[in-house]
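For reference, the structure is listed below as structure tokens.
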Amino acid sequence: MGKISILKEFWEFLKERKKWWLLPIIIVLLLLGLLIIFTESAAVAPFVYTLF
């Protein structure tokens, strides 16, 4: 009931308030968070450094 209800509530907020511009920002932040999590491994780190 924790994380799923937060996502459902956020989706309802976007639909009701017509704040669709928030969705790309949230997606980019989530992708950057996933990139940070996956780059904690030493094997992936050299490939991420070449991106930046």
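Bear in mind that the values in this text are calculations on the coordinates, not laboratory data. Here the structure is a predicted model, which means the values were calculated and not measured. No Cβ is skipped: glycine too gets one built from the backbone with ideal geometry, and neighbour counts run over all protein chains shown.
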Please give, to one decimal in nm, the separation of the simple spin-label points placed at residue 10 and residue 25, each 7 Å out from Cα toward the Cβ.
1.3
Once you place label points 7 Å from the Cα toward the Cβ at residue 35 and residue 50, how far apart are they in nm?
1.6
